[in-house]
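Okay, so here's the structure we're looking at.
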Amino acid sequence: MSLLSRAAVIGGGVIGGGWVARFLLLGVDVTIYDPDPDAQRKIMQVLDNARQSLPGLYDQRLPNEGQLRFSATLADAVSSAQWISECVPEQLALKQKVFADVQQHCLPDALLASSTSGFKPSELQQGSAAPEQIIVAHPFNPVYLIPLVELVGHSASIARASDILETLGCYPLVVRKETDAHIADRLLEAVWREALWLVNDGIATTEEIDNAIVYGFGLRWAQMGLFETYRVAGGEAGMAHFIKQFGPALAWPWTKLMDVPELTDELVKKIAAQSDEHSSQYSIRELERIRDKNLVAIMRSLKWTNWRAGQLLNNMDQKLKQTPTGAGQLLQTINRVIPSSWTDYNGHMTDASYAEVFSFAGDAVMKLIGANQDYIDRGLSYFTVDVKISYIQECHQGDGVTVVTRISDGEGKKLGLEHALRNDKGELLATSVQLLLHVDLRARKTCMPEAPVRETLSRLARSHQTLAAPF
Ligand code: NAD
(Lines give C-alpha, C1' and ligand atoms only; values in the text may rest on other atoms or scores of the structure.)
Protein backbone atom coordinates (compact mmCIF):
# COMPACT_ATOMS: atom_id res chain seq x y z
CA MET A 1 0.00 0.00 0.00
CA SER A 2 2.87 2.34 0.78
CA LEU A 3 4.62 4.10 -2.12
CA LEU A 4 7.85 3.26 -0.34
CA SER A 5 9.44 -0.17 0.03
CA ARG A 6 12.97 0.59 1.30
CA ALA A 7 13.96 3.36 3.72
CA ALA A 8 17.15 4.15 5.61
CA VAL A 9 17.48 6.02 8.88
CA ILE A 10 20.72 7.74 9.89
CA GLY A 11 20.80 8.33 13.63
CA GLY A 12 18.59 6.11 15.77
CA GLY A 13 17.78 8.33 18.76
CA VAL A 14 14.35 9.56 19.82
CA ILE A 15 13.36 10.72 16.34
CA GLY A 16 15.25 8.19 14.23
CA GLY A 17 13.70 5.40 16.32
CA GLY A 18 10.26 6.91 15.76
CA TRP A 19 10.74 7.00 11.97
CA VAL A 20 12.00 3.40 12.04
CA ALA A 21 8.82 2.38 13.87
CA ARG A 22 6.44 4.19 11.50
CA PHE A 23 8.19 2.78 8.42
CA LEU A 24 8.33 -0.80 9.70
CA LEU A 25 4.78 -0.95 11.00
CA LEU A 26 3.49 0.38 7.68
CA GLY A 27 5.32 -2.41 5.85
CA VAL A 28 8.51 -0.63 4.73
CA ASP A 29 11.93 -2.35 5.01
CA VAL A 30 14.38 -0.21 6.99
CA THR A 31 18.15 -0.16 7.33
CA ILE A 32 19.61 1.92 10.11
CA TYR A 33 23.03 3.37 10.76
CA ASP A 34 24.02 4.73 14.17
CA PRO A 35 27.56 4.33 15.55
CA ASP A 36 26.30 4.32 19.16
CA PRO A 37 26.59 0.72 20.48
CA ASP A 38 23.47 1.36 22.58
CA ALA A 39 21.37 2.46 19.59
CA GLN A 40 19.90 -0.99 18.91
CA ARG A 41 18.58 -1.34 22.46
CA LYS A 42 17.00 2.13 22.35
CA ILE A 43 15.36 1.53 18.97
CA MET A 44 13.89 -1.78 20.10
CA GLN A 45 12.30 0.04 23.05
CA VAL A 46 10.75 2.64 20.75
CA LEU A 47 9.53 -0.15 18.47
CA ASP A 48 8.00 -1.93 21.40
CA ASN A 49 6.03 1.21 22.32
CA ALA A 50 4.96 1.69 18.71
CA ARG A 51 3.77 -1.92 18.33
CA GLN A 52 1.57 -1.42 21.40
CA SER A 53 0.01 1.81 20.20
CA LEU A 54 0.09 2.49 16.44
CA PRO A 55 -2.04 -0.48 15.25
CA GLY A 56 -4.76 0.65 17.70
CA LEU A 57 -5.29 3.88 15.75
CA TYR A 58 -6.80 1.95 12.88
CA ASP A 59 -9.91 -0.18 12.43
CA GLN A 60 -8.17 -2.18 9.73
CA ARG A 61 -5.11 -4.42 9.93
CA LEU A 62 -1.81 -2.79 9.01
CA PRO A 63 0.32 -4.47 6.33
CA ASN A 64 2.89 -7.06 7.41
CA GLU A 65 5.82 -5.45 9.21
CA GLY A 66 8.83 -4.54 7.09
CA GLN A 67 12.28 -5.94 7.85
CA LEU A 68 14.75 -4.11 10.09
CA ARG A 69 18.50 -4.30 9.49
CA PHE A 70 21.27 -2.56 11.41
CA SER A 71 24.11 -1.53 9.09
CA ALA A 72 27.74 -1.25 10.14
CA THR A 73 28.36 1.60 7.69
CA LEU A 74 26.43 4.54 6.39
CA ALA A 75 27.28 3.51 2.81
CA ASP A 76 25.63 0.11 3.26
CA ALA A 77 22.58 1.60 5.00
CA VAL A 78 21.71 4.04 2.21
CA SER A 79 22.79 2.15 -0.92
CA SER A 80 19.35 0.90 -1.99
CA ALA A 81 17.01 3.17 -0.01
CA GLN A 82 14.37 5.26 -1.77
CA TRP A 83 13.94 7.51 1.29
CA ILE A 84 16.71 8.41 3.74
CA SER A 85 15.77 10.06 7.04
CA GLU A 86 18.61 12.03 8.60
CA CYS A 87 18.12 12.13 12.36
CA VAL A 88 21.53 13.00 13.80
CA PRO A 89 21.90 15.65 16.54
CA GLU A 90 20.96 19.25 15.73
CA GLN A 91 24.40 20.49 14.59
CA LEU A 92 24.63 22.03 11.12
CA ALA A 93 28.20 20.93 10.32
CA LEU A 94 27.40 17.34 11.34
CA LYS A 95 24.26 17.25 9.21
CA GLN A 96 26.11 18.71 6.19
CA LYS A 97 28.82 16.06 6.57
CA VAL A 98 26.21 13.29 6.80
CA PHE A 99 24.46 14.53 3.63
CA ALA A 100 27.79 14.71 1.77
CA ASP A 101 28.51 11.07 2.75
CA VAL A 102 24.97 9.95 1.92
CA GLN A 103 25.07 11.56 -1.52
CA GLN A 104 28.21 9.60 -2.36
CA HIS A 105 26.45 6.28 -1.81
CA CYS A 106 22.70 6.71 -2.32
CA LEU A 107 20.51 6.18 -5.40
CA PRO A 108 20.38 9.28 -7.61
CA ASP A 109 16.61 9.59 -7.15
CA ALA A 110 16.49 8.85 -3.40
CA LEU A 111 14.84 11.50 -1.23
CA LEU A 112 17.10 12.74 1.58
CA ALA A 113 14.87 14.02 4.35
CA SER A 114 16.26 15.85 7.35
CA SER A 115 14.31 15.76 10.61
CA THR A 116 15.89 19.05 11.67
CA SER A 117 13.84 21.13 14.05
CA GLY A 118 15.43 24.40 13.06
CA PHE A 119 17.72 24.41 10.01
CA LYS A 120 16.59 25.56 6.60
CA PRO A 121 17.06 23.37 3.49
CA SER A 122 19.40 26.01 1.99
CA GLU A 123 21.69 25.57 5.02
CA LEU A 124 21.63 21.77 4.81
CA GLN A 125 22.24 21.83 1.04
CA GLN A 126 25.42 23.95 1.19
CA GLY A 127 28.20 22.36 -0.90
CA SER A 128 25.89 19.69 -2.35
CA ALA A 129 26.03 18.92 -6.08
CA ALA A 130 22.39 17.80 -6.04
CA PRO A 131 20.75 20.20 -3.57
CA GLU A 132 17.17 19.48 -4.72
CA GLN A 133 17.52 15.95 -3.31
CA ILE A 134 17.84 17.32 0.26
CA ILE A 135 14.62 18.39 1.94
CA VAL A 136 13.35 19.00 5.45
CA ALA A 137 10.72 16.51 6.66
CA HIS A 138 10.25 17.64 10.24
CA PRO A 139 8.24 15.15 12.35
CA PHE A 140 6.88 15.32 15.90
CA ASN A 141 7.55 13.04 18.79
CA PRO A 142 6.32 10.27 18.95
CA VAL A 143 6.88 10.06 15.20
CA TYR A 144 4.90 6.81 14.93
CA LEU A 145 1.70 8.41 16.30
CA ILE A 146 1.72 12.16 15.57
CA PRO A 147 0.71 12.62 11.93
CA LEU A 148 2.23 16.06 11.20
CA VAL A 149 5.40 16.27 9.08
CA GLU A 150 6.49 19.76 7.95
CA LEU A 151 7.99 19.67 4.46
CA VAL A 152 10.38 22.34 3.20
CA GLY A 153 12.50 22.44 0.05
CA HIS A 154 12.48 21.91 -3.71
CA SER A 155 8.90 21.72 -4.99
CA ALA A 156 9.19 18.49 -7.03
CA SER A 157 10.96 16.67 -4.18
CA ILE A 158 8.38 17.94 -1.71
CA ALA A 159 5.52 16.74 -3.93
CA ARG A 160 7.05 13.24 -4.05
CA ALA A 161 7.69 13.28 -0.32
CA SER A 162 4.13 14.38 0.35
CA ASP A 163 2.65 11.47 -1.65
CA ILE A 164 4.89 8.99 0.16
CA LEU A 165 4.11 10.36 3.62
CA GLU A 166 0.37 10.19 2.99
CA THR A 167 0.62 6.45 2.37
CA LEU A 168 2.39 6.18 5.74
CA GLY A 169 -0.54 7.78 7.57
CA CYS A 170 1.20 11.18 7.95
CA TYR A 171 -0.17 14.67 7.44
CA PRO A 172 2.41 16.44 5.26
CA LEU A 173 2.28 20.22 5.71
CA VAL A 174 4.21 22.11 3.03
CA VAL A 175 5.93 25.22 4.39
CA ARG A 176 5.67 27.89 1.69
CA LYS A 177 8.92 29.71 2.51
CA GLU A 178 11.90 28.37 4.35
CA THR A 179 12.37 29.92 7.77
CA ASP A 180 14.25 29.03 10.95
CA ALA A 181 12.30 26.34 12.88
CA HIS A 182 9.56 26.05 10.19
CA ILE A 183 6.01 26.66 11.54
CA ALA A 184 5.26 24.54 14.60
CA ASP A 185 8.53 25.00 16.46
CA ARG A 186 8.30 28.78 16.05
CA LEU A 187 4.96 28.63 17.79
CA LEU A 188 6.19 26.21 20.42
CA GLU A 189 9.27 28.27 21.17
CA ALA A 190 7.10 31.31 21.81
CA VAL A 191 5.11 29.36 24.41
CA TRP A 192 8.31 27.84 25.83
CA ARG A 193 9.89 31.28 26.36
CA GLU A 194 6.82 32.50 28.20
CA ALA A 195 6.82 29.36 30.35
CA LEU A 196 10.47 29.93 31.28
CA TRP A 197 9.68 33.52 32.25
CA LEU A 198 6.75 32.43 34.40
CA VAL A 199 9.01 30.02 36.33
CA ASN A 200 11.90 32.47 36.47
CA ASP A 201 9.67 35.21 37.91
CA GLY A 202 8.14 32.83 40.48
CA ILE A 203 4.67 33.31 39.02
CA ALA A 204 4.00 29.62 38.38
CA THR A 205 5.63 26.23 38.88
CA THR A 206 6.28 23.83 36.01
CA GLU A 207 3.28 21.79 37.18
CA GLU A 208 0.97 24.81 37.25
CA ILE A 209 2.03 25.80 33.74
CA ASP A 210 1.43 22.27 32.47
CA ASN A 211 -1.96 22.28 34.18
CA ALA A 212 -2.86 25.53 32.41
CA ILE A 213 -2.35 23.59 29.19
CA VAL A 214 -3.71 20.10 29.89
CA TYR A 215 -6.89 21.27 31.66
CA GLY A 216 -7.35 24.16 29.27
CA PHE A 217 -6.25 25.23 25.84
CA GLY A 218 -4.38 21.97 25.17
CA LEU A 219 -7.75 20.22 24.98
CA ARG A 220 -8.97 22.75 22.43
CA TRP A 221 -5.80 22.56 20.36
CA ALA A 222 -6.07 18.82 19.76
CA GLN A 223 -9.12 19.47 17.63
CA MET A 224 -9.09 23.12 16.53
CA GLY A 225 -6.04 25.28 16.04
CA LEU A 226 -5.42 28.83 17.19
CA PHE A 227 -7.33 30.63 14.46
CA GLU A 228 -10.34 28.33 14.34
CA THR A 229 -10.60 28.44 18.15
CA TYR A 230 -10.44 32.25 18.20
CA ARG A 231 -12.93 32.47 15.36
CA VAL A 232 -15.40 30.59 17.54
CA ALA A 233 -14.42 32.73 20.55
CA GLY A 234 -15.34 35.83 18.53
CA GLY A 235 -18.95 34.66 18.57
CA GLU A 236 -21.22 35.34 15.64
CA ALA A 237 -19.18 38.40 14.69
CA GLY A 238 -16.27 36.00 14.12
CA MET A 239 -12.57 36.59 13.63
CA ALA A 240 -12.60 40.32 12.91
CA HIS A 241 -14.51 40.99 16.12
CA PHE A 242 -12.11 38.80 18.11
CA ILE A 243 -9.09 40.72 16.82
CA LYS A 244 -10.74 44.05 17.60
CA GLN A 245 -11.48 42.95 21.15
CA PHE A 246 -8.11 41.45 22.04
CA GLY A 247 -5.90 43.37 19.59
CA PRO A 248 -4.98 46.16 22.03
CA ALA A 249 -3.56 43.62 24.49
CA LEU A 250 -0.90 42.77 21.92
CA ALA A 251 0.50 46.26 22.28
CA TRP A 252 0.53 46.36 26.09
CA PRO A 253 1.94 43.51 25.88
CA TRP A 254 1.03 40.59 28.12
CA THR A 255 3.94 38.51 26.91
CA LYS A 256 7.72 38.95 27.13
CA LEU A 257 8.35 37.25 23.86
CA MET A 258 11.51 38.83 22.57
CA ASP A 259 13.43 38.40 25.81
CA VAL A 260 14.77 35.09 27.03
CA PRO A 261 15.44 34.56 30.72
CA GLU A 262 19.08 33.77 31.27
CA LEU A 263 19.36 30.01 31.81
CA THR A 264 21.45 30.34 34.95
CA ASP A 265 22.36 27.25 36.99
CA GLU A 266 19.86 28.46 39.56
CA LEU A 267 16.98 28.64 37.04
CA VAL A 268 17.84 25.25 35.49
CA LYS A 269 17.95 23.66 38.98
CA LYS A 270 14.63 25.27 39.88
CA ILE A 271 12.94 23.96 36.73
CA ALA A 272 14.45 20.47 37.11
CA ALA A 273 13.44 20.26 40.80
CA GLN A 274 9.88 21.39 40.07
CA SER A 275 9.64 18.96 37.19
CA ASP A 276 10.87 16.12 39.46
CA GLU A 277 8.28 17.02 42.05
CA HIS A 278 5.58 17.02 39.38
CA SER A 279 6.43 13.82 37.50
CA SER A 280 9.25 11.76 39.04
CA GLN A 281 6.85 9.11 40.34
CA TYR A 282 6.80 7.87 36.73
CA SER A 283 9.80 6.61 34.77
CA ILE A 284 10.35 8.06 31.30
CA ARG A 285 9.22 4.72 29.81
CA GLU A 286 6.03 4.86 31.88
CA LEU A 287 5.39 8.45 30.78
CA GLU A 288 5.90 7.40 27.15
CA ARG A 289 3.36 4.60 27.54
CA ILE A 290 0.86 6.94 29.22
CA ARG A 291 1.42 9.55 26.49
CA ASP A 292 0.92 6.99 23.70
CA LYS A 293 -2.19 5.48 25.25
CA ASN A 294 -3.73 8.94 25.66
CA LEU A 295 -2.79 9.97 22.12
CA VAL A 296 -4.45 6.87 20.68
CA ALA A 297 -7.58 7.51 22.78
CA ILE A 298 -7.73 11.19 21.74
CA MET A 299 -7.21 10.46 18.07
CA ARG A 300 -9.71 7.60 18.15
CA SER A 301 -12.32 9.95 19.59
CA LEU A 302 -11.61 12.38 16.74
CA LYS A 303 -12.25 9.48 14.35
CA TRP A 304 -15.71 9.25 15.80
CA THR A 305 -16.38 12.92 14.96
CA ASN A 306 -14.48 12.49 11.65
CA TRP A 307 -12.58 15.69 12.38
CA ARG A 308 -9.01 16.72 11.39
CA ALA A 309 -6.57 14.10 12.76
CA GLY A 310 -9.54 11.73 13.14
CA GLN A 311 -10.59 12.25 9.54
CA LEU A 312 -7.03 11.48 8.46
CA LEU A 313 -7.24 8.15 10.31
CA ASN A 314 -10.61 7.35 8.74
CA ASN A 315 -9.18 8.05 5.29
CA MET A 316 -6.25 5.76 6.06
CA ASP A 317 -8.68 3.04 7.17
CA GLN A 318 -10.32 3.27 3.74
CA LYS A 319 -6.92 2.81 2.09
CA LEU A 320 -6.07 -0.15 4.33
CA LYS A 321 -9.43 -1.79 3.87
CA GLN A 322 -9.77 -5.05 2.00
CA THR A 323 -13.24 -5.56 0.60
CA PRO A 324 -14.76 -8.83 1.83
CA THR A 325 -14.98 -11.41 -0.89
CA GLY A 326 -18.38 -12.22 -2.35
CA ALA A 327 -20.59 -15.19 -3.20
CA GLY A 328 -19.72 -18.80 -2.47
CA GLN A 329 -17.58 -18.22 0.60
CA LEU A 330 -17.97 -16.78 4.07
CA LEU A 331 -17.08 -13.11 4.42
CA GLN A 332 -14.11 -11.79 6.35
CA THR A 333 -15.75 -8.66 7.71
CA ILE A 334 -13.15 -7.57 10.30
CA ASN A 335 -9.34 -7.81 10.24
CA ARG A 336 -7.75 -5.57 12.88
CA VAL A 337 -5.84 -5.18 16.12
CA ILE A 338 -7.52 -4.49 19.48
CA PRO A 339 -6.73 -0.91 20.69
CA SER A 340 -5.95 -0.16 24.34
CA SER A 341 -9.09 1.97 24.61
CA TRP A 342 -11.23 -1.17 24.14
CA THR A 343 -9.84 -2.88 27.22
CA ASP A 344 -10.94 -2.42 30.81
CA TYR A 345 -9.88 -2.74 34.45
CA ASN A 346 -9.82 -6.54 34.06
CA GLY A 347 -7.17 -6.20 31.35
CA HIS A 348 -9.32 -7.59 28.55
CA MET A 349 -11.82 -6.35 26.01
CA THR A 350 -15.02 -4.79 27.38
CA ASP A 351 -18.45 -6.24 26.62
CA ALA A 352 -19.33 -3.06 24.76
CA SER A 353 -16.30 -3.42 22.52
CA TYR A 354 -17.25 -7.00 21.55
CA ALA A 355 -20.61 -5.53 20.55
CA GLU A 356 -18.79 -2.78 18.63
CA VAL A 357 -16.68 -5.30 16.70
CA PHE A 358 -19.77 -7.25 15.65
CA SER A 359 -21.58 -4.04 14.82
CA PHE A 360 -18.67 -3.07 12.51
CA ALA A 361 -18.91 -6.54 10.97
CA GLY A 362 -22.60 -5.87 10.25
CA ASP A 363 -21.67 -2.50 8.71
CA ALA A 364 -19.17 -4.25 6.43
CA VAL A 365 -21.93 -6.53 5.13
CA MET A 366 -24.21 -3.53 4.58
CA LYS A 367 -21.53 -1.83 2.49
CA LEU A 368 -20.90 -5.02 0.53
CA ILE A 369 -24.55 -5.31 -0.53
CA GLY A 370 -24.72 -1.63 -1.50
CA ALA A 371 -26.36 -0.22 1.65
CA ASN A 372 -23.52 2.31 1.85
CA GLN A 373 -23.37 5.99 2.81
CA ASP A 374 -25.10 7.11 -0.43
CA TYR A 375 -27.92 4.69 0.30
CA ILE A 376 -28.23 5.97 3.87
CA ASP A 377 -28.17 9.57 2.59
CA ARG A 378 -31.14 8.60 0.40
CA GLY A 379 -33.02 7.72 3.59
CA LEU A 380 -32.65 3.92 3.65
CA SER A 381 -30.71 1.71 6.02
CA TYR A 382 -30.74 -1.37 8.26
CA PHE A 383 -31.34 -1.30 12.02
CA THR A 384 -30.23 -4.08 14.35
CA VAL A 385 -33.26 -5.45 16.18
CA ASP A 386 -31.80 -8.49 17.93
CA VAL A 387 -28.32 -9.60 18.96
CA LYS A 388 -27.00 -12.53 20.94
CA ILE A 389 -23.33 -12.43 21.85
CA SER A 390 -21.49 -15.37 23.46
CA TYR A 391 -18.20 -14.50 25.13
CA ILE A 392 -15.94 -17.51 24.90
CA GLN A 393 -12.37 -16.43 25.54
CA GLU A 394 -10.49 -13.32 26.68
CA CYS A 395 -9.26 -10.82 24.10
CA HIS A 396 -6.40 -8.43 24.90
CA GLN A 397 -4.93 -5.14 23.71
CA GLY A 398 -2.72 -5.70 20.68
CA ASP A 399 -4.37 -9.03 19.72
CA GLY A 400 -4.87 -9.39 15.98
CA VAL A 401 -8.43 -10.56 15.33
CA THR A 402 -10.72 -11.39 12.43
CA VAL A 403 -14.47 -11.77 12.14
CA VAL A 404 -15.88 -14.23 9.63
CA THR A 405 -19.56 -13.78 8.79
CA ARG A 406 -22.27 -15.92 7.22
CA ILE A 407 -25.44 -14.36 5.87
CA SER A 408 -28.09 -16.65 7.30
CA ASP A 409 -31.12 -14.71 6.05
CA GLY A 410 -31.34 -12.21 3.22
CA GLU A 411 -34.90 -12.34 2.07
CA GLY A 412 -37.28 -9.37 2.12
CA LYS A 413 -36.61 -6.86 4.87
CA LYS A 414 -34.42 -9.24 6.88
CA LEU A 415 -30.65 -9.41 7.16
CA GLY A 416 -29.57 -12.29 9.42
CA LEU A 417 -25.87 -12.62 10.25
CA GLU A 418 -23.74 -15.13 12.12
CA HIS A 419 -20.31 -13.85 13.15
CA ALA A 420 -17.28 -15.61 14.64
CA LEU A 421 -14.49 -13.57 16.23
CA ARG A 422 -11.10 -15.35 16.28
CA ASN A 423 -7.57 -14.39 17.24
CA ASP A 424 -4.57 -14.96 15.00
CA LYS A 425 -4.05 -18.43 16.50
CA GLY A 426 -7.49 -19.34 15.15
CA GLU A 427 -9.00 -19.58 18.66
CA LEU A 428 -12.68 -18.70 18.89
CA LEU A 429 -13.12 -15.63 21.14
CA ALA A 430 -16.80 -14.81 20.71
CA THR A 431 -19.79 -15.38 18.48
CA SER A 432 -22.73 -13.21 17.57
CA VAL A 433 -26.05 -13.84 15.94
CA GLN A 434 -27.50 -10.58 14.65
CA LEU A 435 -30.80 -9.73 13.04
CA LEU A 436 -31.21 -6.45 11.16
CA LEU A 437 -34.33 -5.08 9.50
CA HIS A 438 -34.42 -2.74 6.54
CA VAL A 439 -35.86 0.69 7.41
CA ASP A 440 -37.05 3.90 5.86
CA LEU A 441 -35.14 6.52 7.87
CA ARG A 442 -37.71 9.25 7.20
CA ALA A 443 -40.77 7.23 8.18
CA ARG A 444 -38.73 5.39 10.89
CA LYS A 445 -40.50 2.22 9.78
CA THR A 446 -39.44 -1.01 8.13
CA CYS A 447 -39.67 -1.23 4.36
CA MET A 448 -38.33 -3.32 1.47
CA PRO A 449 -34.79 -2.59 0.26
CA GLU A 450 -34.25 -1.05 -3.16
CA ALA A 451 -33.93 -3.64 -5.93
CA PRO A 452 -30.08 -3.63 -6.34
CA VAL A 453 -29.55 -4.10 -2.59
CA ARG A 454 -32.33 -6.68 -2.36
CA GLU A 455 -30.96 -8.68 -5.28
CA THR A 456 -27.30 -8.58 -4.18
CA LEU A 457 -28.25 -9.60 -0.67
CA SER A 458 -30.55 -12.39 -1.78
CA ARG A 459 -27.89 -13.80 -4.15
CA LEU A 460 -25.23 -13.72 -1.41
CA ALA A 461 -27.56 -15.25 1.18
CA ARG A 462 -28.52 -18.10 -1.17
CA SER A 463 -24.83 -18.84 -1.82
CA HIS A 464 -24.23 -18.95 1.94
CA GLN A 465 -27.06 -21.42 2.58
CA THR A 466 -24.89 -24.36 1.64
CA LEU A 467 -21.97 -23.19 3.82
CA ALA A 468 -21.50 -24.18 7.44
CA ALA A 469 -21.91 -21.51 10.14
CA PRO A 470 -18.53 -19.92 11.06
CA PHE A 471 -18.71 -21.32 14.63
P1 NAD B 1 19.07 12.04 19.79
O2 NAD B 1 20.22 12.62 20.48
O3 NAD B 1 18.02 11.32 20.58
O4 NAD B 1 19.57 11.04 18.65
C5 NAD B 1 20.61 11.33 17.76
C6 NAD B 1 21.23 10.01 17.34
O7 NAD B 1 22.16 10.26 16.29
C8 NAD B 1 22.00 9.31 18.48
O9 NAD B 1 21.53 7.98 18.64
C10 NAD B 1 23.44 9.34 17.99
O11 NAD B 1 24.17 8.17 18.38
C12 NAD B 1 23.27 9.39 16.48
N13 NAD B 1 24.42 9.93 15.76
C14 NAD B 1 25.27 10.89 16.13
N15 NAD B 1 26.17 11.11 15.15
C16 NAD B 1 25.86 10.27 14.13
C17 NAD B 1 26.41 10.04 12.84
N18 NAD B 1 27.44 10.73 12.39
N19 NAD B 1 25.82 9.10 12.05
C20 NAD B 1 24.75 8.40 12.49
N21 NAD B 1 24.20 8.58 13.71
C22 NAD B 1 24.74 9.52 14.51
O23 NAD B 1 18.40 13.25 18.97
P24 NAD B 1 16.89 13.39 18.47
O25 NAD B 1 16.08 14.05 19.52
O26 NAD B 1 16.43 12.11 17.91
O27 NAD B 1 17.06 14.48 17.31
C28 NAD B 1 17.50 14.14 16.01
C29 NAD B 1 17.03 15.22 15.03
O30 NAD B 1 15.61 15.28 15.05
C31 NAD B 1 17.54 16.62 15.37
O32 NAD B 1 17.83 17.32 14.19
C33 NAD B 1 16.34 17.26 16.08
O34 NAD B 1 16.30 18.66 15.92
C35 NAD B 1 15.20 16.63 15.32
N36 NAD B 1 13.92 16.58 16.04
C37 NAD B 1 13.89 16.27 17.37
C38 NAD B 1 12.66 16.22 18.04
C39 NAD B 1 12.55 15.82 19.48
O40 NAD B 1 11.48 16.04 20.07
N41 NAD B 1 13.53 15.20 20.08
C42 NAD B 1 11.46 16.48 17.31
C43 NAD B 1 11.53 16.73 15.96
C44 NAD B 1 12.77 16.80 15.33
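The values are calculated or read from the model by the stated rules, or taken from the named source; none is laboratory data. Worth saying up front: this structure is predicted, and the values here are computed from it rather than measured. Note: ideal-geometry Cβ built from the backbone for every residue, glycine included; neighbour counts use all protein chains shown. Accessible surface areas use protein heavy atoms only, side chains included; no ligands, DNA or RNA. Shrake-Rupley method; radii C 1.70, N 1.55, O 1.52, S 1.80 Å.
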**OP:** Roll a 1.4 Å probe over the protein chains and send me the accessible area per residue for the range 6-182 in Å².
**Re:** 39
**OP:** Using amide H atoms built 1.01 Å from N in the peptide plane, name the residues 5+ places from TYR382, or on other chains, whose amide H lies under 5 Å from its own.
**Re:** VAL439
Original post:
In what order, largest first, do GLU166, GLU455, GLU418 sit by accessible area if the probe radius is 1.4 Å?
Top reply: GLU455, GLU166, GLU418
Original post:
Can you pull the accessible area of ILE376 for me, 1.4 Å probe, Å² to the nearest 10?
Top reply: 50
Original post:
Given q = 0.20, 0.21, 0.22 Å⁻¹, what are the Debye log10 I(q)/I(0) values for the range 185-281, with equal point scatterers placed on the Cα positions and solvent ignored?
Top reply: -1.13, -1.19, -1.24
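So if I average 1/r over every pair of distinct C-alpha atoms in the chain and take the inverse, what Kirkwood radius in Å does that give? Mind showing how you got there, number by number?
Values: mean 1/r = 0.0392 Å⁻¹.
Result for the chain, one decimal place: 25.5 Å.
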Original post:
So how tilted is helix 39-53 from the main axis of the chain? Cα-based, degrees 0 to 90, rounded to 10.
Top reply: 40
Subject >> Average projection area in nm² (convex hull over Cα atoms of the range 6-182, one quarter of hull surface) >> reply: 9.0
Subject >> Solution diffusion estimate, µm²/s, Stokes-Einstein, the range 344-402, Kirkwood Rh from C-alpha pairs, 37 °C, viscosity 0.692 mPa s >> reply: 243
**OP:** State to the nearest 20 debye the size of the charge dipole of the range 196-346 about its Cα centre, where the only charges are +1 on K and R beta carbons and -1 on D and E beta carbons.
**Re:** 1020
Subject >> Stokes-Einstein diffusion coefficient of the range 322-464, Kirkwood radius over Cα pairs, 20 °C, 1.002 mPa s, in µm²/s >> reply: 137
Original post:
Which percent of the accessible area of the chain is formed by carbon and sulfur heavy atoms (probe 1.4 angstrom)?
Top reply: 55
Original post:
If the convex hull of the alpha-carbon atoms of the range 69-147 is projected onto planes in all directions, what is the mean projected area in square nanometres?
Top reply: 5.5
**OP:** Could you state how much accessible area VAL214 has, in square angstrom rounded to the nearest 10, with a 1.4 Å probe and all protein chains kept in place?
**Re:** 80
Original post:
Which whole-Hz ³J(HN,Hα) couplings does the range 9-22 yield from phi under the Karplus relation 6.51 cos²θ - 1.76 cosθ + 1.60, θ = phi - 60°, glycine and proline marked x?
Top reply: 10, 10, x, x, x, 4, 7, x, x, x, 5, 3, 5, 4
Original post:
Rounded to the nearest whole Å², what accessible area per residue is found for the range 322-464 with the 1.4 Å probe?
Top reply: 47
Subject >> Most to least accessible of LEU26, LEU187, LEU92 (protein chains only, probe 1.4 Å) >> reply: LEU187, LEU92, LEU26
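Could you please put LYS425, LYS445 in sequence from largest to smallest accessible area, using a 1.4 Å probe? Don't skip to the answer; put the middle values down first.
Values: LYS425 165, LYS445 135 Å².
Heavy-atom accessible area, descending, gives LYS425, LYS445.
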Original post:
If one puts a single equal scatterer on every Cα of the range 260-377 and applies the Debye formula without solvent, what log₁₀ I(q)/I(0) results at q = 0.10 Å⁻¹?
Top reply: -0.53
**OP:** Hey, for a label at SER128 modelled as a point 7 Å past Cα toward Cβ, could you say which residues of the range 153-185 have their backbone N under 12 Å away?
**Re:** 153-155, 157-158
Original post:
Against the longest alpha carbon principal axis of the chain, how many degrees, from 0 to 90 and to the nearest 10, is the axis of helix 92-105 turned?
Top reply: 60
Original post:
To the nearest 0.05, what FRET efficiency results for ALA297 and SER79 with a Förster distance of 56 Å applied to their C-beta separation?
Top reply: 0.85
**OP:** May I ask you to evaluate 6.51 cos²θ - 1.76 cosθ + 1.60, the Karplus curve with θ = phi - 60°, for each residue of the range 73-90 and list the ³J(HN,Hα) values in order in whole Hz, giving x for glycine and proline?
**Re:** 10, 5, 4, 5, 4, 9, 4, 10, 7, 8, 9, 10, 8, 8, 9, 8, x, 6
Subject >> Compactness of the range 115-206, expressed as Rg and Dmax over alpha-carbon positions, Å >> reply: 15.9, 52
Original post:
How many Å² of accessible area per residue for the range 185-281, probe 1.4 Å?
Top reply: 75
**OP:** Quote the accessible area belonging to PHE99 in square angstrom, nearest 10, computed with a 1.4 Å probe and with ligands, DNA and RNA left uncounted.
**Re:** 10
**OP:** Mind putting a number on the dipole of the chain about its Cα centre? Charges go on the C-beta only, +1 for Lys and Arg and -1 for Asp and Glu, and I need it in Debye to the nearest 20.
**Re:** 1680
Original post:
Per-residue HN-Hα couplings for the range 150-160, Karplus 6.51 cos²θ - 1.76 cosθ + 1.60 at θ = phi - 60°, whole Hz, x for Gly and Pro?
Top reply: 7, 10, 9, x, 4, 4, 5, 5, 5, 5, 5
